[in-house]
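Before any comments, here is the structure.
The values are calculated or read from the model by the stated rules, or taken from the named source; none is laboratory data. Note that the coordinates shown come from a computational prediction; the quantities given were computed from them, not determined experimentally. Neighbour counts run over all protein chains shown; Cβ positions are idealised from the backbone, glycine included.
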Amino acid sequence: MSFCQLLRHHWNQLYWLLPFHWTISATWRGGICCLGTKQQLQNTNIFIKCMIERSHLSLMENRKQNARELWNVTFYDDVPAYLSFHEPVLQSLIIFICTAGLVEAGFFIWSLGFCLKKVNMVTTYFLNLAVAEFGLFAFLLVLAALSIAECAPKLKMPVVYLLFFAYTAAVYFLTVISVERCLGVLFPIWNRTKRPTRTSSILSFLVWSTAGFLSGITMCFHYVWSYHHSVTMIRIICSGNVLILTPLVVVSSLISFIDNFSRKPLPKMLRTNQSLRLIFFIFFAMPLSFFYFMDWLGYTFPAMFMWISFLLTCINSTMNPLIHYVLGGQWKRWKSGRT
């Protein structure tokens with residue numbers, strides 16, 4: 001086998017090992033001019049052009065394949081065989097927890113909205129949080145039921161967008177509650193005397209408006225442009241939750257915890273309440289946002305991990321009233337202010 005035939009035979013391996021193919025092609029042409037005839041040079045040039053075009057087409061095809069994987073539809077992904085059995089089990093658990101959560105959230109909505117003589121800052125936030133979690137339970141229950149029954153696929157996406165609307169509102173209210181507690185600890189005099197009375201109502205309106213605006217944009221992207229744009233919007237929202245809200249909650253919770261310990265010893269129940277609030281927010285409320293944040297970075301997980309995130313979100317929403325209201329010392333105040 002001649003030198004030219006050997007290079008032709010191993011061209012594919014040499015081409016990918018040498019990324020600057022235009023330089024190598026010029027060097028190869030110079031070598032062929034010295035070693036071979038004019039006909040061999042023409043054949044070699046034609047061969048080089050064909051291989052370069054083929055390599056460019058292969059590279060573009062790889063890029064398109066990577067783009068398809070990046071825009072992967074996580075709601076309808078097929079999980080591997082060894083994981084497919086566990087997905088209906090997770091969906092059944094979600095249905096059970098959501099059913100109990102609907103009863104709990106409905107009870108707190110009735111208690112805070114209709115059985116209190118006076119509504120204050122705390123009850124305003126908790127009432128709005130209970131409404132957001134009621135919607136979260138309802139939409140997630142419908143989504144899990146549709147996934148188990150494998151029916152009405154066109155109905156899934158509107159339910160998903162409404163679910164993310166309720167989830168975003170609930171996460172925002174948890175953040176506002178944590179920041180308000182921090183401000184109340186750092187500035188107790190201002191919080192009791194100079195704080196505007198309608199601040200809680202205004203902030204609640206802003207939270208609902210922001211969550212509705214983001215969810216509305218996501219739905220518009222889906223129905224006006226394409227599904228890929230709506231998935232990108234969901235990833236951006238969840239990335240904002242991870243990069244902005246999580247540090248904000250962690251810092252405000254730590255400041256409140258340290259300040260309370262420096263001033264006076266706290267009761268054991270209150271210390272447990274502050275610790276549980278932070279733990280449940282990070283490890284139960286944020287995994288869903290972290291799932292789409294990592295998906296935005298290109299680390300696509302099986303759909304089962306999304307259902308695990310939904311399950312953790314259900315557990316967090318079920319425990320929130322107990323942690324923030326019962327263990328937080330608001331239960332006795334609720335009983336004293338009850339009609």
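For the range 119-167, the set of residues classified as closer than 21 Å to ASN241 by Cβ and in contact with a Ser or Thr (Cβ under 7 Å, 6 or more places away or on another chain) consists of TYR125, ASN128, GLU133, LEU136, PHE137, TYR161, PHE164, PHE165, TYR167, listed by residue number. Assigned to a helix (DSSP H, G or I), in contact (Cβ under 8 Å) with a residue 12 or more places away in the chain and aromatic (Phe, Trp, Tyr), is that true of PHE107? For PHE107, the condition - assigned to a helix (DSSP H, G or I), in contact (Cβ under 8 Å) with a residue 12 or more places away in the chain and aromatic (Phe, Trp, Tyr) - is not met.
Of all residues in the range 110-156 being charged (D, E, K, R) and either closer than 23 Å to ALA170 by Cα or not in a helix (DSSP H, G or I) (or both), which is modelled with the highest pLDDT?
Applying the filter and picking the extreme gives GLU133.
So is ASN241 assigned by TED's automatic domain parsing to the domain that holds PHE310, in contact with a helix residue (DSSP H, G or I) (Cβ under 6 Å, 6 or more places away or on another chain) and free of Cβ contacts under 8 Å to residues at least 40 places away in the same chain or not? No, not satisfied.
A count restricted to the range 229-273 and to residues that are β-branched (Val, Ile, Thr) and at pLDDT below 85 stands at 2.
Among the residues making up the range 126-170, a single one is over 26 Å from ILE323 (Cα atoms) and of a type in the set (S, T, N, Q): SER147. Within the range 274-289, being among the polar types (S, T, N, Q) and either crowded, with 20+ Cβ neighbours inside 10 Å or not assigned by TED's automatic domain parsing to the domain that holds ILE94 (or both) holds for GLN274, SER289. Here the condition is being in the same structural domain as GLY135 (by TED's automatic domain parsing), of a type in the set (Ser, Thr, Tyr) and more than 26 Å from ILE177 (Cα to Cα); of TYR227, TYR292, it holds for TYR227 alone. Condition first: part of a helix (DSSP H, G or I), in contact with a Phe, Trp or Tyr (Cβ under 8 Å, 6 or more places away or on another chain) and farther than 29 Å from LEU278 by Cβ. Can you find one or more residues in the range 165-182 that meet it? No, the range 165-182 has no match at all.
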